[in-house]
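Encoded as structure tokens, the structure appears first; notes follow it.
We did not get these values from a lab; they are worked out from the coordinates using the rules stated. Fair warning: this is a prediction, and the values are worked out from it, not measured in the lab. Cβ placement follows ideal geometry from the backbone for every residue including glycine, while neighbour counts extend to all protein chains displayed.
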Amino acid sequence: KAQTFPGPGRFDRIVCDVPCSGDAAMRKYPEKLRDWTPHVGRTLHSLQLQIALRAANLLRVGGIMCYSTCSFNPLENEAVVAALLKSTGGALELLEAPKLDGLKVRPGLTRWEVLDDTLGRLGSYEEAMARLPRVERRRYRVTMWPSSSQNLNLCLRMFPFLQNTGGFFVAVLRKRSIWPLEPVPRALTEDVCPP
């Protein structure tokens, strides 16, 4: 378990391949499409952020972390990276990933929609809190919506149709400094309740 690893600042490189919905593997596993709902990404968002924060804490200053999923859902990808950058108060920076010959990629998203369970658009966290029944409000975190520009276009998206592969998301981050280890507000990282 990552909780029992040695103290912070011990690793030069970390691959943070978090649990994800796997919706980018629909070609390989068609049942993923049949079983997909917006709720899947929402339930994973907080866990993914917790894991990424722990991984970033284990990096030494100057160390590099690769955050990755096999999901296309921005709530599992760019939203987690944005929350990670914000939560660490500038201690992490998003890097441009190295270019690999022949690898076809697209940039990360800077805008996305957050959907309710009926595929209705929720324009903001505040709208979700005002519009949704109380029991459903617990399923959303403010970190799920796009915020100010954080160069999320530096993230990479690999689509199956580009070169006959599975789909992937990758973000490369460098730890610039140690950040105060104040607990991240519980509302950002606590588990989202099940449907």
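Quick notes
- Packing order of peptides 85-91, 69-75, 46-52, 106-112, highest average first: 69-75, 46-52, 85-91, 106-112 (average count of other Cβ atoms within 10 Å over each peptide's residues).
- Take every DSSP beta bridge whose two residues both sit in the stretch 8-179; close to 75 percent of them are antiparallel.
- Within the listed set Ser149, Ser68, Ser124, the residue fluctuating most in the Gaussian network model of the chain (springs between alpha-carbon atoms under 10 angstrom) is Ser149.
- Distances between placed amide hydrogens fall under 5 Å for Leu92 paired with Arg176, all partners being 5 or more residues away or on another chain.
- Length gained on full extension, Arg174 to Glu136: 10.1 nm, using 0.36 nm per residue less the C-alpha separation.
- Normalised by 2.2 N^0.38 Å, where N counts its residues, the alpha-carbon radius of gyration of the chain equals 1.02.
- Full-extension gain in nm, Arg34 to Val15, via 0.36 nm per residue minus C-alpha separation: 3.9 nm
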